[in-house]
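Presented below is the structure to which this report refers.
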Amino acid sequence: MKKIIHISVLCALACFPACDLKEDYSSIGSVDSRIAAQLSEYETLLCSAPYGWLADVATGRGGTHRLWMGFADNGEVTMYTDYVEYYRALRTLPYTSTYAVKAQQRPTLSFDTYSYLSIFADPDPLANGAGETGIGMIADFEYEILSYDKGQFLLQGLKHGMSGTLTEATLEEYQAVQAGALMDCIDGSPIYEPQFLTFNYGGKSYELSSNGRRTAICRLERREPYSAIVNSRIDFAGNLILETPLTLGDQQITRFDKTATGYSAVIGNELVDIVRSTSTPASYMGLRNTDLSNVFYSFPSNAQTEWNSEFYVIVQQMMTNLYRDPEMPLYVSYIGVQFYTNPVAWVEIGYYLVTSAGLDTSRVYSSVYQYPLTMNPDGSYTFGDSYTNVYGEDHIVSNIVKGHSTCLLDGFFKGRTFYCKAWPRAEYNGNYPFVALVPTQGVEETGAMVGFMMVQN
């Protein structure tokens with residue numbers, strides 16, 4: 001009897017918390033209603049921002065892009081983009097598409113029709129210039145909403161896990177976006193500077209390069225090359241904010257602040273000025289006459305990056321249209337530019353022959369054309385307004401190649417002035433970064449030649 005009473009008391013006591021839980025559960029609503037309330041709250045926040053949102057979205061290749069987004073309660077979202085390299089004509093043009101805030105494992109913000117954001121994920125590389133066929137730039141267009149706090153959403157892509165933020169814009173930021181500031185900021189980044197941005201630290205010289213979305217410090221010294229690259233963003237004041245610090249020696253750099261003479265950065269306890277210069281950290285000239293200072297290959301597929309997509313495509317199209325001679329079909333494998341201290345520049349065109357059996361890659365041939373070269377006080381190089389065939393003017397094959405190369409030899413090099421600049425790039429051939437021949441004029445029409453810096457002793 002005692003045992004039965006004891007069990008009955010326990011059962012009776014167990015009823016009380018169950019009733020309390022039921023009452024509490026009813027008071028906070030069902031799971032479905034709570035999710036619906038959360039989605040409604042997020043959508044209200046998105047739509048109620050009077051000046052829209054600044055969206056910073058990461059890509060797997062291309063760094064962090066910035067867009068402006070304005071959300072409406074009818075399911076439409078209007079965007080501006082920063083993609084100046086490939087969509088310069090859209091500088092002040094908004095584009096409206098659709099969005100949805102919906103329930104998945106977490107509340108999810110989905111951009112479900114084609115928009116400026118979709119360009120990064122487009123599987124067609126011609127849509128974004130820097131993507132890979134089938135996967136684009138490794139970007140997302142559906143984002144889980146991780147949190148919201150003090151005017152900022154934290155996002156994570158559903159497919160590729162790319163991070164993103166939505167930060168409520170101010171009136172001044174919105175007005176700047178309408179006037180083209182997203183692209184203007186990129187246009188004002190170091191990669192578009194007319195000269196070099198260099199600094200000294202620890203007894204060594206470095207070059208700063210950035211397109212706003214990715215930032216690098218490079219050292220082009222032949223015996224001690226160095227390259228370090230991180231994702232970044234550029235604010236409306238032109239400052240470069242690094243998503244992860246750049247490490248130099250045992251010190252870290254978290255940002256580069258815009259100044260009247262270039263940039264500044266705090267490295268350790270030292271405020272370092274990064275100033276415009278007429279030379280790179282390692283001169284391309286000044287080597288022995290038998291030394292090859294640098295070579296630029298314009299054709300390898302991995303020479304095309306998010307840094308030079310529009311410029312690379314122009315050069316690539318020019319090159320692929322050079323050789324159409326049915327009597328001597330050629331396949332151009334590379335274009336090399338070699339600087340000697342004579343001073344002269346050699347432009348080398350490497351090619352394979354195309355036979356009735358197809359492309360013959362058993363041997364690469366080349367033809368070389370020499371230009372007088374002038375090194376200018378501002379650090380640029382000017383090619384002469386005439387050139388000669390290094391193999392001799394009576395060399396039949398070289399003259400055939402020359403005849404098909406006028407758009408390159410005459411249109412790209414002859415009489416033109418270039419800067420040789422370091423462009424950030426994932427490491428290749430050790431620590432050597434990419435190097436670019438950037439025309440001082442007409443880059444929009446002729447492109448920029450970009451490739452690997454190579455050194456021979």
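The values are calculated or read from the model by the stated rules, or taken from the named source; none is laboratory data. Every value quoted in this text rests on a predicted model; they were computed, and no experiment measured them. We place every Cβ from the backbone using ideal geometry, glycine too, and count neighbours over all the protein chains shown. To get the accessible areas, we keep the full protein, side chains included, count just its heavy atoms, and leave off ligands, DNA and RNA. Shrake-Rupley method; radii C 1.70, N 1.55, O 1.52, S 1.80 Å.
Which one of 271, 246, 220 is modelled with pLDDT of 90 or more and within 23 Å of the chain's Cα centre (by Cα)?
Details: 271 fails: within 23 Å of the chain's Cα centre (by Cα); 220 fails: modelled with pLDDT of 90 or more.
Matching residue, one of 271, 246, 220: 246.
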For the stretch 234-281, the count of residues that are in a loop (DSSP other than H, G, I, E, B) and either of a type in the set (A, V, I, L, M) or touching a Pro at 6+ places or on another chain (Cβ under 6 Å) (or both) equals 2
Only residues that are touching a helix residue (DSSP H, G or I) at 6+ places or on another chain (Cβ under 8 Å) and either modelled with pLDDT under 95 or open to solvent by 40 Å² or more (accessible area, probe 1.4 Å) (or both): list them for the stretch 67-76, please. 73
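Return yes when residue 150 is of a type in the set (Lys, Arg) and on the phi > 0 side of the Ramachandran plot and no when it is not. Even if it seems obvious, please write down each step before you answer.
Numbers: of a type in the set (Lys, Arg): yes; on the phi > 0 side of the Ramachandran plot: yes.
Criteria met by residue 150.
Yes/no matrix, rows are residues, columns are (1) open to solvent by 40 Å² or more (accessible area, probe 1.4 Å); (2) in contact with a strand residue (DSSP E or B) (Cβ under 7 Å, 6 or more places away or on another chain):
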residue	(1), (2)
339	no, yes
343	yes, yes
360	yes, yes
378	yes, no
384	no, yes
390	yes, yes
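Filter the stretch 362-376 down to the residues that are open to solvent by 50 Å² or more (accessible area, probe 1.4 Å) and under 21 Å from residue 396 (Cα atoms) and list them by number.
So in the stretch 362-376, the residues open to solvent by 50 Å² or more (accessible area, probe 1.4 Å) come out as 362-365, 370, 372, 374-375.
Within the stretch 362-376, 363, 364, 365, 370 meet the criteria.
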Step by step: first the residues of the stretch 38-59, then only those that are over 10 Å from residue 72 (Cα atoms) and in a helix (DSSP H, G or I), then the one that is modelled with the lowest pLDDT. Which residue is that? 38
Across the stretch 48-66, the tally of residues that are open to solvent by less than 40 Å² (accessible area, probe 1.4 Å) and not aliphatic (A, V, I, L, M) stands at 9
Within the stretch 381-419, how many residues are of a type in the set (D, E, K, R) and over 31 Å from the mean Cα position of the chain (by Cα)? 4
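For the stretch 361-390, how many residues meet the condition of being among the acidic types (Asp, Glu) and farther than 22 Å from residue 403 by Cα? Steps first, please.
Looking only at the stretch 361-390, we keep the residues that are among the acidic types (Asp, Glu), and these are 378, 385.
In the following step, the residues that additionally are farther than 22 Å from residue 403 by Cα were identified as 378.
Qualifying residue count, the stretch 361-390: 1.
Residue 44: over 24 Å from residue 160 (Cβ atoms), in contact with a Gly (Cβ under 7 Å, 6 or more places away or on another chain) and open to solvent by 40 Å² or more (accessible area, probe 1.4 Å), yes or no? Quick ask: steps written out before the conclusion?
On the way: over 24 Å from residue 160 (Cβ atoms): yes; in contact with a Gly (Cβ under 7 Å, 6 or more places away or on another chain): no; open to solvent by 40 Å² or more (accessible area, probe 1.4 Å): yes.
Criteria not met by residue 44.
Answer yes if at least one residue in the stretch 77-85 is exposed (fewer than 15 other Cβ atoms within 10 Å of the Cβ) and part of a helix (DSSP H, G or I), and no otherwise. Spell out how you get there, then give the answer.
Here is the first cut: in the stretch 77-85, the residues exposed (fewer than 15 other Cβ atoms within 10 Å of the Cβ) are none.
No, the stretch 77-85 contains no residue that is exposed (fewer than 15 other Cβ atoms within 10 Å of the Cβ) and part of a helix (DSSP H, G or I).
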For residues that are in contact with a helix residue (DSSP H, G or I) (Cβ under 7 Å, 6 or more places away or on another chain) and surrounded by fewer than 19 Cβ atoms within 10 Å (Cβ to Cβ), scanning just the stretch 225-242, find the one that is farthest from residue 66 (Cα to Cα). 238
In the stretch 97-125, which residues are in contact (Cβ under 8 Å) with a residue 60 or more places away in the chain and either surrounded by fewer than 16 Cβ atoms within 10 Å (Cβ to Cβ) or more than 19 Å from residue 86 (Cβ to Cβ) (or both)? 101, 102, 103, 107, 109
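With the stretch 305-405 as the region, which strands (runs of 3 or more DSSP E) entirely inside it contain at least 1 residues that are at pLDDT 90 or above?
Values: elements: 330-340, 344-355, 358-375, 381-383.
Hits in the stretch 305-405: 344-355, 358-375, 381-383.
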Among the residues listed as 131, 180, 212, 161, the single one being buried (at least 19 other Cβ atoms within 10 Å of the Cβ), under 17 Å from residue 56 (Cα atoms) and small (Gly, Ala, Ser): 212
Could you tell me whether residue 10 is modelled with pLDDT under 95, open to solvent by 20 Å² or more (accessible area, probe 1.4 Å), of a type in the set (A, V, I, L, M, F, W, C) and touching a helix residue (DSSP H, G or I) at 6+ places or on another chain (Cβ under 9 Å)? no
Of all residues in the stretch 262-277, which are surrounded by fewer than 15 Cβ atoms within 10 Å (Cβ to Cβ) and out of contact with any strand residue (DSSP E or B) (no Cβ under 7 Å at 6 or more places or on another chain)? 269, 270
Checked the stretch 392-423 for anything open to solvent by less than 10 Å² (accessible area, probe 1.4 Å) and polar (S, T, N, Q); matches are 398, 405
Expected output for the stretch 358-372 (first residue farther than 17 Å from residue 390 by Cβ and aliphatic (A, V, I, L, M), partner open to solvent by 70 Å² or more (accessible area, probe 1.4 Å) and part of a strand (DSSP E or B), Cβ below 7 Å, 6+ apart or cross-chain) is 359/331
Condition first: out of contact with any Asp or Glu (no Cβ under 9 Å at 6 or more places or on another chain) and among the β-branched types (Val, Ile, Thr). Now tell me which residues in the stretch 142-172 satisfy that. 145, 170
